[in-house]
1. Tell me the net charge near residue 523. Cut-off is 13 Å between Cβ atoms, residue 523 excluded, with +1 for each Lys or Arg and -1 for each Asp or Glu.
2. With a sphere of radius 12 Å drawn around the Cβ of residue 316, what net charge do the other residues whose Cβ falls strictly inside it have (Lys, Arg +1; Asp, Glu -1)?
3. Each label point is 7 Å from the Cα along the Cα-to-Cβ direction; what then is the distance between the points at residue 205 and residue 245, in nm?
4. Efficiency by 1/(1 + (r/R0)^6): what FRET value for residue 96 and residue 466, r their Cβ-Cβ distance, R0 = 60 Å, to the nearest 0.05?
5. Taking 7 Å along the Cα-to-C-beta vector as the label spot, tell me the residue 235-residue 546 distance in nanometres, rounded to one decimal.
6. Ignoring ligands, DNA and RNA, what percent of the accessible area of segment 210-301 is carbon or sulfur (1.4 Å)?
7. Run the accessible area of segment 30-144 with a 1.4 Å probe and give the carbon-and-sulfur part as a rounded percent.
8. Describe numerically, in nm with one decimal, the distance between label points set 7 Å from Cα along Cα→Cβ at residue 158 and at residue 215.
Amino acid sequence: MMRSNPSRTAIAMLVALFLLGIVARGYAAGPSDTYGYLSLTPLPPDLPTSANGTSSFPALVVSVNNAQGSPVVFPVNTEVYLSSSSAVLSVQPTVTVMAGEQYAVANVITTETPGNSTVTAVAPGFQTASASFTTSLPRGFPTQLRIFPLPGELLAGTPTNANVAVEVLDAAGLPARTTQDAKVQLTSSDTSVLEATGTIIPANQTIGFGSVSVNGQQSGTAFITASASGYVSATAAVTVASVNDSPNTLQLAIPPNLPADGKTYDVLTVSLAYNNTSPAVSQTGTSVTLTSSRPDLVSIDVSGPVLIPAGQTFVTVPITTSAAAGSALITASSANFVSSTVKVTTVSIPPTKLGIYLADSHALFSATADSLSMVVQLQDSRGVPADARTSQNVIVSFSNTTLSKALVTLTISKGADLAYATVPLNGATEGTFTAISNGLFAASTKFSSTLLGVTYGLGPIHQTIYPNETDAIYYSLQYQGLPLAGASLTWSATGGTVSPATSTTGSAGSASATFTPAGLGVAQITVTAEDPIVGSVNSTTQVFVVGQPATPHPSILSRILSDKLYLGGIVGGAIAAVVVAVILLRRRGGETIEEDGSFDMGAAPGEGTAFDSRGGLPASRW
């Protein structure tokens, strides 16, 4: 006697379910049921962070493509669900696209934190899609101040006045230009050590100069604060030392970032120090040689060495930047002194260029939609969003002669970095959009379109019939590769009648009708499809009505046997799977197989129920 393993029942059930799954899959095999492939287009891909809380932008285009990657319209009213992978931005939870529309636009909400996020879109019946966004601190618009003492250490007891450079910065901490005169107030935390005097930074400038002065013999550290209306204030420390040892070290000081604008700035200080720790006075006058590693970017506006006069601790030297951005190393050297090197980086003051983006660079045309969403963005030299210091007008032209040369004028408001527009296409099928604005590099993007394609199929089940027979006529309608549901159909025929005379296409874009001949001859069956998207579409097919016997049409049974021959195998496989499962299930609970072939269903030895050989049923029940 052999007792079964208790896990065999579970295995039998899994096998049976697996076989049934194969059967069901084989019976229902065919193309996957999908309306198309969702597509997400960032508009634009780099958005500015919010200056205070959150900011919303209509920046996500939700569209659909077919399996070949070509844009199509949404075949049904579709609610698309959206999500963001990162807290740096969020997106509206859902957007609804109506049937026949090419796309919809969803809002993207940025926060004060820069970073990256992936937005994902899902919708029932569609393949999912994702797109990447970057949020960056906006460039160009002046929002804060930076203070830079020149130099940062002074000597007590010397009648010294030193410059304090006050820079205007954008939200990214890089140089920006003022939109109007900025009155900067400088205050000292300890006036017994230092006195401070403010300045005015003129409109469209990046740097102004205030000053500090040593107040007698008092040493210590004073914190100098720069403040101006509409700007975030800044603070820097200035130390006044009392030690007056002989100098042996050179020191250089310069703001780390300067505008790459071809202007001259008095911002480089060369000072003397003792062991690089405290300022020291030049005894007899000190000659210092200055060099730049990149004079094409930053040049020193002196011919020959500079002189620190006797009794002084430093001297200020003018430098000139070029229009090109980059970094340079400035080195100071003098005999018997430890040399010094400092790095300065010049940056382009944004905005420096435009960016132009289309909702879909390969668009669709229809009878009801012949326009396109567009966004133009101000950017710095790296493509980071840049805010307008004043209102900026942008003209967008189109290369195709079907449109006017000046297609549309956009205005980017002060403090904003982009503007949206809907542009008419007037039947244009391809060309290049170009955005231009004074003082900025232009931007271009190419555009092409596809006329909405309508395909249809119309045909009878039998091309030839007898006068006493009817024929089934099938019709299908597709719109840009997808089934078009809800189209109104009008059926008509010569040489007979079609029933019903009117109908509509179903969800698969198809419909059928019955043709009844009136006599012998060639019958013409015509279908007229009407739909707001495609207009009116006519199609015609023929049916030959003959009086002589022809090869009989195969019966339904013969067609099933010939075309669906695998059906018997499928059904047989399903039945076999179920029988195997039932037999193994009935062995659950400790059933055994006796040596004589009978089954023991858990009874005591010798009390098993006998099964005969005709089907495995108990002999007493056969």
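1. Working: positive: none; negative: 469, 471.
Net charge in that neighbourhood comes out at -2.
2. Here the count lands on -2.
3. About 4.0 nm separates the two model spin labels.
4. On the way: r = 53 Å, r/R0 = 0.88.
Result of the calculation: an efficiency of 0.70.
5. About 10.3 nm, to one decimal.
6. Details: 1670 of 3780 Å².
C and S atoms contribute 44 percent here.
7. Working: 2380 of 4750 Å².
So the carbon and sulfur contribution to the accessible surface is 50 percent.
8. Simple spin-label model gives 2.1 nm for this pair.
The values are calculated or read from the model by the stated rules, or taken from the named source; none is laboratory data. These numbers come from a predicted model, not from an experiment. In this analysis, Cβ positions are derived from the backbone assuming ideal geometry, glycine residues included, and neighbour counts consider all displayed protein chains. For accessibility, only protein heavy atoms count, side chains too; no ligands or nucleic acids. Shrake-Rupley method; radii C 1.70, N 1.55, O 1.52, S 1.80 Å.
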